[in-house]
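Taking it in order: structure first as structure tokens, then the write-up.
The values are calculated or read from the model by the stated rules, or taken from the named source; none is laboratory data. Please read all numbers here as calculations on a predicted model, not as lab measurements. Positions of Cβ are backbone-derived with ideal geometry, glycine not excepted, and every protein chain shown enters the neighbour counts.
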Amino acid sequence: MPRPARVAGVLIVVFSLFFLGCQRRATPPATTATTATPAVPANALAAVNGQVVTREEFSSVKTSVLNYYRQIYAQFGLDIQQFLTGARGRMFLLDMEVAALETLVSQALVKVEAARRGVTPSEEEVAAEFDKQYAQFLQAQGLNEETLSVLLQLQGSNLLDFKASARKQVADGLLYQKVAQAVAAPLTSTEADLLKFFEENMAKYATEEQVEASHILVQTEDEANKILEQLNAGAQFAELARLYSQDPGSAAAGGALGWFGRGMMVPEFEEAAFALKVGQVSDVVKTQFGYHIILVTGRREARQPPYAEVAEQVKADYEQKVRGERFDAWLRQAKDTAQVKVYDPLLEAAYTKERNLDRALALFEEIRKAGKTEEKYLAFIVGTVYEEKLEEARKEREELQKEPESPARAARLAELDKTIANARTQAIAAYREALASAPDDQGIKLRLENLESSP
């Protein structure tokens, strides 16, 4: 089929992504203060300004982050599981865990701000938004609720749990929107602002050449020719698509693919579709997915509309941009001043690494020296952090060498040389230790070989 195949195995991922689209994630700040809390609940993973983040919440968000990457990789025909094995896979997973924690810290800060400002969405607002997005999702996926329920059961889930999870994500998305609107106010835009924004983003409002098409996909040329004969004899295209098409994403909709521009379909399919007139049916078209018969049902020519024609949309887009920038700035400041305590030592060290590399190294070394962790790849993780320290010092040295000579410059260069030498030595030692416990791990071998062969 011309688009990536939809299979039951990735539907749960798609569902999660659809509803997670309501949420915003901010760029991590440079620093975050940490503090202890007097009493730590047994299921607590972290505390944000005293507000507990549970391990259950963390597990749920971590799954959503993993599903996001799983779907991205699947679009390129890759199984993410092959990237989650060995030392490098553990680092990948640890990065996802940090991303999940970042999301939970943001959520906690947003919830507090929403309560302070009194902008929490009502149950009626959440219900209305959920119903709208749920209906849009079913339509976009070509599903009805009965089929969705069956697919969820095949994945070991059920419709009730899915709706509850999706409703929560919609509620979180609305909460973010309301806080973004509150922290961005007052928001005004002049005609000059809007005209400038339009001129800088004209391509966004241009309409590219598009066609609306339906297709029937089968696996043999003989099947396709027999269907084409029926069409030529007067059979209805949509009915034959429902009967014979093997594209699960469009067959139930009579083969309808909707509107698409150039570059969205495989070349053979695109060339045939754009060569047809409205109402015209193609001959049999072979692609990597099989044999297609294409019907073009609409066509739009490329066009650049004048500002006056899209003024309302420009205003909405401009204000959304400004609102997003102000919200991100607010969230960064809120994180800068937040008191965040992470109760998992390894996750605390990894979370700290995004803010203070030296402090993170100290935390990782504390874990390493204590010898109480069950983390199989701790030595490898420590090695990667020392490599980051090495690269950080090298970059500073390169920039410093561009400056005029001075005693201060010379002294700093000498310090950096010591830092580089020490970080390289420590990274190599850590990788050798990691390799001793996992001698067949190619990821460790490659990192060690690259580092040992570099100056």
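Across region 258-280, not a single residue is classified as touching a helix residue (DSSP H, G or I) at 6+ places or on another chain (Cβ under 7 Å), at pLDDT 95 or above and aliphatic (A, V, I, L, M).
Scanning region 183-216 for residues that are at pLDDT 95 or above and among the small types (Gly, Ala, Ser) yields Ala192, Ala213, Ser214.
Condition first: under 20 Å from Gln219 (Cβ atoms) and among the small types (Gly, Ala, Ser). Now tell me which residues in region 274-306 satisfy that. Residues satisfying the conditions are Ser282, Gly290. Give me the pairs: first residue in region 184-208 and on the phi > 0 side of the Ramachandran plot, second residue of a type in the set (Val, Ile, Thr) and at pLDDT 95 or above, beta-carbon distance under 8 Å, and six or more apart or on different chains, which are they? Close Cβ pairs satisfying both conditions: none exist.
For every residue, the table says whether it meets (1) more than 20 Å from the chain's Cα centre (by Cα); (2) surrounded by fewer than 17 Cβ atoms within 10 Å (Cβ to Cβ); (3) at pLDDT 95 or above; (4) within 19 Å of Ala47 (Cα to Cα).
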| position | (1), (2), (3), (4) |
| --- | --- |
| Arg116 | yes, yes, no, yes |
| Ala135 | yes, yes, no, no |
| Ala140 | no, yes, no, no |
| Gly156 | yes, yes, no, no |
| Leu159 | yes, yes, no, no |
| Lys168 | no, yes, no, no |
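Going through (1) touching a residue at least 12 places away in the same chain (Cβ under 8 Å); (2) surrounded by 13 or more Cβ atoms within 10 Å (Cβ to Cβ); (3) of a type in the set (S, T, N, Q) one by one, Thr220 falls short only on (2). Please go through region 324-340 and pick out each residue that is surrounded by fewer than 18 Cβ atoms within 10 Å (Cβ to Cβ) and under 24 Å from the mean Cα position of the chain (by Cα). Of everything in region 324-340, those that are surrounded by fewer than 18 Cβ atoms within 10 Å (Cβ to Cβ) and under 24 Å from the mean Cα position of the chain (by Cα) turn out to be Gly324, Glu325, Arg326, Asp328, Ala329, Arg332, Gln333, Asp336.
Looking only at region 349-374, residues that are in contact (Cβ under 8 Å) with a residue 60 or more places away in the chain and hydrophobic (A, V, I, L, M, F, W, C) come to 1 in all.
Taking the criterion of being in contact with a helix residue (DSSP H, G or I) (Cβ under 7 Å, 6 or more places away or on another chain) and charged (D, E, K, R), the residues of region 335-353 that qualify are Lys335, Glu348, Lys353. The requirement of being among the aromatic types (Phe, Trp, Tyr), within 26 Å of Arg323 (Cβ to Cβ) and either surrounded by fewer than 17 Cβ atoms within 10 Å (Cβ to Cβ) or at pLDDT below 90 (or both) is satisfied by Phe18.
Each residue in region 287-311 was checked for being part of a strand (DSSP E or B) and surrounded by 13 or more Cβ atoms within 10 Å (Cβ to Cβ), and 11 pass. Taking region 341-386 as the range and being surrounded by 18 or more Cβ atoms within 10 Å (Cβ to Cβ), more than 20 Å from Leu101 (Cβ to Cβ) and of a type in the set (Gly, Ala, Ser) as the test, the residues that pass are Ala379, Gly383. Annotation: Ala164 fulfils all but one of (1) free of Cβ contacts under 8 Å to residues at least 12 places away in the same chain; (2) of a type outside the set (Phe, Trp, Tyr); (3) more than 30 Å from Leu331 (Cβ to Cβ); the unmet one is (3). Of all residues in region 312-323, none are aliphatic (A, V, I, L, M), assigned to a loop (DSSP other than H, G, I, E, B) and either in the same structural domain as Gly255 (by TED's automatic domain parsing) or modelled with pLDDT of 95 or more (or both).
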